[in-house]
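K.L.:
Dropping the structure in here first, questions after.
The values are calculated or read from the model by the stated rules, or taken from the named source; none is laboratory data. Remember, predicted model here, so these are calculated numbers, not experimental data. Cβ atoms come from the backbone with ideal geometry, glycine included; neighbour counts cover every protein chain shown. Side chains included, ligands, DNA and RNA excluded: accessible areas come from the protein's heavy atoms. Shrake-Rupley method; radii C 1.70, N 1.55, O 1.52, S 1.80 Å.
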Amino acid sequence: MYAVVTQFTCKCGSSKRPQEFYLRHGAQLGVTLRYFCHRLQLSVIDGDEYNSGAADPTATIVELRTSDEGEPLLKCAGGSRALEPGTVLINMQNGRAKLPDVVVAGKNETFKFNGGNSTSHFRLMALVMRRDELGRPVPVEPVAAAVSNSFAVKTQRAYNDYHKPAYPHYKDGLTRLRHIGATSADRLMRDPKAWLGKDIPLDCVDNVEVFKKVLEYAETHRHVENKLLELLNMRGKHKHKWDYLRNVLTDKVVYDDNTIRVWCAPDGSGYGLLYHAKQAQVVLDRPAGVVQRVVWPDGVGRVQ
């Protein structure tokens, strides 16, 4: 996933075949060719339509150069470097090429093409280009197009949400929760009564644990829940965000529970294993010791 107008950066596997390359800013594309004087042309294609397993994969390529409004989708931050809008040219040296500062200028969900169509994924395609007898750029026929893995492009906020933890710590700030931005978090921290009502028994909502108490209070005070939904903009089509938030706060908040756990064998022998825990997660793959249940002279059973 990438944010809109963010430079491409992802893991680089550098395959030796031009049909399979992985992108990384400033890294060499693992494209080794005999055509030393040619250039690579980059463009975005429809990731949903492309099928590498088809009898003719090139027949499934749908290039997405410009939107229905005429806006170029792929741009180079360092300049145009384009034969046509929505394409980027890369010079090759000794059969290899480096990826410049390439960005995608629109979200895949809102980018409209061919009369209003959209796609859930993009792919980046590279073609080896040469000039024909008239000086026009044309693809080099013997070399197949190189197509990247699929990716999605979101807004910066959605991109940030994607990288937030699935299991937040109870002392984390509110912006560590997905779907809560800085503005909503600041309002809840500075004056929650102004936004949720004067009867709410909290003067500051500044971390995950306190926000969890707000949701518990809202469960029995519907007017507070309605105001909270309005503040977070989680009504209607955004209700799934509210459901996700409730699920996280109910079952996935991490606490500083380092209490030692004991597992007792079910065979009645009185023996068992001792385990450490970190933030309520038991370290099951590394037992810390062996325990035994014994009865002391006072008749009370204890584990030692």
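K.L.:
Go through segment 219-258 residue by residue and tally those that are closer than 14 Å to ARG178 by Cβ, part of a helix (DSSP H, G or I) and open to solvent by 80 Å² or more (accessible area, probe 1.4 Å).
P.N.:
2
K.L.:
Go through (1) in contact (Cβ under 8 Å) with a residue 40 or more places away in the chain; (2) over 27 Å from the mean Cα position of the chain (by Cα); (3) open to solvent by less than 60 Å² (accessible area, probe 1.4 Å) for VAL262 and report which single condition fails.
P.N.:
(3)
K.L.:
Could you list, in sequence order, all residues of segment 109-138 that are closer than 19 Å to LEU89 by Cα and open to solvent by less than 60 Å² (accessible area, probe 1.4 Å)?
P.N.:
PHE122, ARG123, LEU124, MET125, ALA126, LEU127, VAL128, MET129, ASP132, GLY135, PRO137, VAL138
K.L.:
Report yes if some residue within segment 1-16 is among the aliphatic types (A, V, I, L, M), at pLDDT below 80, surrounded by 16 or more Cβ atoms within 10 Å (Cβ to Cβ) and outside any loop (DSSP other than H, G, I, E, B); otherwise report no.
P.N.:
Yes, there is a match, as at least one residue in segment 1-16 is among the aliphatic types (A, V, I, L, M), at pLDDT below 80, surrounded by 16 or more Cβ atoms within 10 Å (Cβ to Cβ) and outside any loop (DSSP other than H, G, I, E, B).
K.L.:
Next question. So, in segment 191-215, of the ones that are within 23 Å of VAL253 (Cα to Cα) and among the basic types (Lys, Arg), which residue ends up least open to solvent (accessible area, probe 1.4 Å)?
P.N.:
Among them, the one singled out is LYS212.
K.L.:
Give the residue that is modelled with the lowest pLDDT, with candidates limited to residues of segment 86-100 that are open to solvent by less than 50 Å² (accessible area, probe 1.4 Å) and not aliphatic (A, V, I, L, M).
P.N.:
Restricting to residues being open to solvent by less than 50 Å² (accessible area, probe 1.4 Å) and not aliphatic (A, V, I, L, M), the top hit is GLY95.
K.L.:
Give all pairs with beta carbons closer than 8 Å in which a residue from segment 219-234 that is free of Cβ contacts under 8 Å to residues at least 60 places away in the same chain and under 15 Å from VAL205 (Cβ atoms) meets a residue that is polar (S, T, N, Q) and assigned to a helix (DSSP H, G or I); count only pairs at least 6 apart in sequence or on separate chains.
P.N.:
From residues that are free of Cβ contacts under 8 Å to residues at least 60 places away in the same chain and under 15 Å from VAL205 (Cβ atoms), the pairs are LEU231/SER184; LEU232/SER184.
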